[in-house]
1. If the Cβ limit is 7 Å and pairs must be 6+ apart or interchain, which residue in region 157-172 that is within 8 Å of HIS136 (Cβ to Cβ) pairs with which residue that is among the charged types (D, E, K, R) and more than 8 Å from the ligand (Cβ to nearest atom)?
2. Considering only region 163-172, I want to know if a residue exists there that is of a type in the set (D, E, K, R) and within 15 Å of the ligand (Cβ to nearest atom).
3. Given the criterion within 16 Å of the ligand (Cβ to nearest atom) and among the charged types (D, E, K, R), identify the matching residue among ASP179, ASP149, ASP138, ASP105.
4. With (1) outside any helix (DSSP H, G or I); (2) of a type in the set (Gly, Ala, Ser); (3) in contact with a helix residue (DSSP H, G or I) (Cβ under 8 Å, 6 or more places away or on another chain) as the list, and ALA284 as the residue in question, which single condition is left unmet?
5. Could you please find all residues in region 303-334 being crowded, with 22+ Cβ neighbours inside 10 Å and closer than 14 Å to THR141 by Cα?
6. Within region 59-98, count every residue that is more than 12 Å from the ligand (Cβ to nearest atom) and without any contact (Cβ under 8 Å) to a residue 12 or more places away in the chain.
7. Got a sec? Which of THR133, THR169, THR139 is touching a Pro at 6+ places or on another chain (Cβ under 7 Å), assigned by TED's automatic domain parsing to the domain that holds ILE198 and among the β-branched types (Val, Ile, Thr)?
8. Could you pull out every one of the helices (runs of 4 or more DSSP H) wholly within region 170-280 that has 1 or more residues that are among the polar types (S, T, N, Q) and closer than 25 Å to THR133 by Cα?
Amino acid sequence: MRNEEYLLIPGPTPVVDSIYDALAEETRAHTDPRFVSRFKKAIERTKRILNTDGEVILVAGSGTLVMEMALVNAVAPGERVLVISHGHFGDRFTKLAQAFGFEFDVLQSEWGRQVSRDDLAQQLKKHTYKAVTVTHVDTSTGVKADLDDFIPLIKQHGALAIVDGVCATTALPEDMQYDYAGEGTSIDIVLTGSQKAIGAPPGVGIIAFSKKAVAARRAMERVPAYYADIENWIPIMEDPSKYFATPPVNMIYAVEEGLKIVEDEGLEQRYIRHEAYGKAVRAALRVYGMEPLADEGDAAPTLSCIRYPEGTDDASFRAALAEKGIILAGALAHLAGKAFRIGHMGNTTPEILESAIRKIGETLQEQGTEADVEKAAEAFREEVGALQTK
Ligand SMILES: Cc1ncc(COP(=O)(O)O)c(C=O)c1O
């Protein structure tokens with residue numbers, strides 16, 4: 001890896017050389033057959049990875065754009081949305097709903113926990129919802145949503161199930177034809193970005209619509225969007241030599257390479273590896289007295305939000321680690337200064353993560369907190385080894 005630093009924030013994630021190489025290929029016309037065939041490959045790979053028989057769209061933009069795309073194409077102004085929120089990024093759907101004039105309710109968990117199945121069941125009795133949003137992993141809290149619990153209830157209610165996979169896709173299963181509880185209880189929309197578990201740089205929004213979700217768009221005469229209207233994109237994805245708006249040519253090369261790496265590794269192996277990384281990082285950090293915000297049962301395989309031990313100063317701790325080439329993220333909202341976030345997803349390796357664990361321990365020591373670096377590294381290796389050989 002030619003990176004000079006280990007980027008262990010919750011996305012973007014460390015970019016591997018073959019993705020940089022793809023990014024640096026010659027920029028071609030977006031109508032050039034050589035580009036068109038790469039774009040087609042990226043679309044086909046996305047379809048296979050999400051196992052959808054519906055439509056997938058890759059556009060220039062970040063995760064927030066595809067969150068917007070999901071809502072405006074599924075819900076009409078005046079219709080009602082339920083937002084299941086496990087933190088800052090769940091809450092973002094409420095901002096979008098407000099911006100577009102959708103009626104909405106929020107089921108908000110205490111930060112670090114999941115909304116309970118019972119609370120969701122109760123809420124669904126109160127109104128008729130056109131769509132329900134679930135953030136698969138909320139990047140602010142490191143909490144994962146249990147789709148096995150939520151999707152059947154949402155679908156039995158008759159709502160469209162929208163899954164924000166920005167911090168989950170390719171690290172956690174998001175099979176769009178998987179029937180969670182029989183009778184068509186499958187996810188309708190998955191949205192994600194290029195920069196997290198897929199491991200490419202930021203810049204491409206990826207969204208998939210089931211046939212039912214496409215039908216929901218088509219039932220509306222118009223939507224309050226132009227660039228984000230899927231009706232403008234579906235013909236392009238079916239034939240990428242056509243033009244609607246210029247695709248990010250080099251980023252499509254990069255995403256195609258990122259998706260190739262995912263398919264070459266295999267989704268099952270990728271899920272196991274991420275699960276192992278999450279457990280191992282948290283086990284190691286616990287040795288330093290650093291407690292994860294989420295209980296292990298709710299904790300994400302892709303990133304962890306970790307409380308500082310008493311007396312650690314967030315800014316100087318992360319600055320000292322940055323000097324050593326380890327880049328971590330601060331926590332958000334009321335946790336700012338009290339916790340940090342560490343990403344362990346995408347093409348990150350056990351070597352990178354163990355090095356981060358060691359440097360975190362050394363930094364704690366330098367700043368006057370006891371830390372058993374060897375014990376933490378051993379805890380990390382044990383968990384990674386145990387889970388990866390499952
Ligand atoms: C779960 C989740 N959803 C949405 C977003 C928004 O994505 P972006 O920052 O790419 O717009 C993020 C960003 O971190 C996220 O983690």
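The values are calculated or read from the model by the stated rules, or taken from the named source; none is laboratory data. On a predicted model such as this, the values are computed, not experimentally measured, just so you know. Please note: Cβ atoms are built from the backbone with ideal geometry, for glycine as well, and neighbour counts cover all protein chains shown.
1. Correct list of pairs: VAL163/GLU174; GLY165/GLU174; ALA168/GLU174; LEU172/LYS144.
2. Just the residues of region 163-172 that are of a type in the set (D, E, K, R), to begin with: 164.
Narrowing the set further to residues that are within 15 Å of the ligand (Cβ to nearest atom) leaves 164.
Looking for residues that are of a type in the set (D, E, K, R) and within 15 Å of the ligand (Cβ to nearest atom), one finds at least one in region 163-172, hence yes.
3. Unique residue meeting the criteria: ASP138.
4. Condition not satisfied by ALA284: (1).
5. Matches in region 303-334: LEU303, SER304, CYS305, ILE306, ALA331.
6. 1
7. Working: THR133 fails: touching a Pro at 6+ places or on another chain (Cβ under 7 Å); THR169 fails: touching a Pro at 6+ places or on another chain (Cβ under 7 Å).
None of the other options fit; the residue is THR139.
8. Details: elements: 211-218, 230-238, 249-265.
Fully inside region 170-280 and qualifying: 230-238.
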